[in-house]
Amino acid sequence: MFMQHKKIKIGDVAEYETKMRQSQVIVSIEERKEMVRKEVDAAAAALGGRALPDEDLLDIVTNLVEIPIATGGKFDDVFLELPREILITSMREHQKYFAV
């Protein structure tokens with residue numbers, strides 16, 4: 001689902017970035033990447049932890065989203081009985097989760 005549900009009209013290239021931002025799309029990859037980093041860090045901190053550094057995943061997520069909005073969550077302990085490396089790899093590769 002897109003954040004913007006209506007069509008937008010861009011009259012010329014000079015207004016492209018502004019119009020896209022108004023439509024919840026951050027055009028600048030570097031700006032979007034920094035926003036993802038801050039969102040992930042804030043979500044991890046709200047859980048009382050820190051996100052494990054993962055620049056490759058950060059690059060992937062940056063290019064998957066239009067505007068970053070991170071949320072944090074927890075799993076019941078019964079689902080965390082596998083070795084840590086397996087859990088992190090599975091979450092990273094299949095759900096694009098950042099490990100905390």
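Numbers below:
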read-out	value
Filter result for I10 (surrounded by 11 or more Cβ atoms within 10 Å (Cβ to Cβ), in contact with a Lys or Arg (Cβ under 6 Å, 6 or more places away or on another chain) and at pLDDT below 95)	yes
Residues of the stretch 89-100 classified as farther than 11 Å from A51 by Cβ and among the hydrophobic types (A, V, I, L, M, F, W, C), total	1
Residues of the stretch 57-85 satisfying the condition of being in a helix (DSSP H, G or I) and either within 19 Å of I29 (Cα to Cα) or small (G, A, S) (or both)	L57, L58, D59, I60, V61, T62
Hits in the stretch 28-40 - residues which are open to solvent by 60 Å² or more (accessible area, probe 1.4 Å) and more than 12 Å from P68 (Cα to Cα)	E30
Conditions (1) in a helix (DSSP H, G or I); (2) over 14 Å from the mean Cα position of the chain (by Cα); (3) of a type in the set (A, V, I, L, M, F, W, C): number failed by V27	(1)
Yes/no for A45 being surrounded by 10 or more Cβ atoms within 10 Å (Cβ to Cβ) and in a loop (DSSP other than H, G, I, E, B)	no
Number of the condition not met by I88 [criteria: (1) free of Cβ contacts under 8 Å to residues at least 60 places away in the same chain; (2) in a loop (DSSP other than H, G, I, E, B)]	(2)
Residues (assigned to a helix (DSSP H, G or I) and within 11 Å of I67 (Cα to Cα)) located in the stretch 1-21	M20, R21
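The values are calculated or read from the model by the stated rules, or taken from the named source; none is laboratory data. Model, not experiment: these values are computed from the prediction. Neighbour counts are summed over all protein chains in view; Cβ atoms, including those assigned to glycine, are modelled from backbone coordinates with ideal geometry. Only protein heavy atoms, including side chains, enter the accessible area calculation; ligands, DNA and RNA are left aside. Shrake-Rupley method; radii C 1.70, N 1.55, O 1.52, S 1.80 Å.
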